[in-house]
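Presented below is the structure to which this report refers.
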Amino acid sequence: MRISELSEQTGVPVATIKYYLREGLLPEGDKRTPRLTEYDERHVRRLGLLRILRDVGDVPVDGLKRLVAASETRGSVHDLFAVAADALAPTPPAAGPGRPETRAMADAIIQQAGWDRVREDSVDRDNLAATLELVGAFETHPRDPAEIAPYVAMADQLARHEIANLDGRKDRLGLLEEMVVGQVVFATVLTTLRRLAEEHHSHERFAEDQRD
């Protein structure tokens, strides 16, 4: 199909497709003549993934590039998922004076959860440490790993469910797509549901509370 047909089928503007091609986020098409390049289902599939990541997950272009690179990772499917997880993770903010302490706390949380397969250099170890450092200034927020145990338990249950329900019949790239889309889409769903639930429970607890 031509680029105009690719755009029509995927709903992605031609200008955006050309941008993705320039940035290496899409494989080159089959150049038939100097003025005609053909595209196929590979491009439809990749554009579908990129559209979800950008429109729903707001994944930046650098993150998209890391995910494309991850799709070419050798090794096990787990190795592939680990690289993809780092690509999806935000860049940890610069460390403050409390970071060594909160990194130790983050490591303790991971250990106590029994997640002994998490890499020492996982980006999200540092993201957890950075978040704990940020909220450490607020007295009502966790200063001990035990205080966030309910969140750890919920995260473990959710992750176990998501990984168990990946379609094992898919090829390597198909599994990566399913894992990535699941993380991005259902993270948004979970955050939205949490806000809705908190509005409900806030009404139950505070609707009659008129304190200054």
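Conditions (1) open to solvent by less than 100 Å² (accessible area, probe 1.4 Å); (2) in contact with a His (Cβ under 7 Å, 6 or more places away or on another chain); (3) part of a helix (DSSP H, G or I), marked per residue:
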| residue | (1), (2), (3) |
| --- | --- |
| R125 | yes, no, yes |
| L134 | no, no, yes |
| A159 | yes, no, yes |
| L166 | yes, no, no |
| L175 | yes, no, yes |
| M179 | yes, no, yes |
| R205 | no, no, yes |
| D209 | yes, no, no |
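Condition check: among the charged types (D, E, K, R), within 25 Å of D171 (Cα to Cα), within 17 Å of the chain's Cα centre (by Cα) and open to solvent by 30 Å² or more (accessible area, probe 1.4 Å). Does D58 satisfy that?
no
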Just for helices (runs of 4 or more DSSP H) wholly inside the stretch 1-92: which have at least 2 residues that are hydroxyl-bearing (S, T, Y) and touching a helix residue (DSSP H, G or I) at 6+ places or on another chain (Cβ under 7 Å)? 3-10
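Here is a yes/no grid of residues against (1) over 29 Å from the mean Cα position of the chain (by Cα); (2) touching a residue at least 60 places away in the same chain (Cβ under 8 Å); (3) open to solvent by less than 70 Å² (accessible area, probe 1.4 Å):
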residue: E8; (1), (2), (3): no, no, no
residue: K31; (1), (2), (3): yes, no, no
residue: R35; (1), (2), (3): yes, no, no
residue: H43; (1), (2), (3): no, no, yes
Selection over the stretch 93-111 where residues are surrounded by fewer than 14 Cβ atoms within 10 Å (Cβ to Cβ) and either touching a residue at least 60 places away in the same chain (Cβ under 8 Å) or out of contact with any helix residue (DSSP H, G or I) (no Cβ under 6 Å at 6 or more places or on another chain) (or both) yields a count of 5
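The values are calculated or read from the model by the stated rules, or taken from the named source; none is laboratory data. Keep in mind it's a predicted model, so treat the numbers as computed, not measured. Ideal geometry is used to build each Cβ from the backbone, glycine not excepted, and the neighbour counts take in all protein chains shown. These area figures cover heavy atoms from the full protein model, side chains too; ligands, DNA and RNA do not enter into them. Shrake-Rupley method; radii C 1.70, N 1.55, O 1.52, S 1.80 Å.
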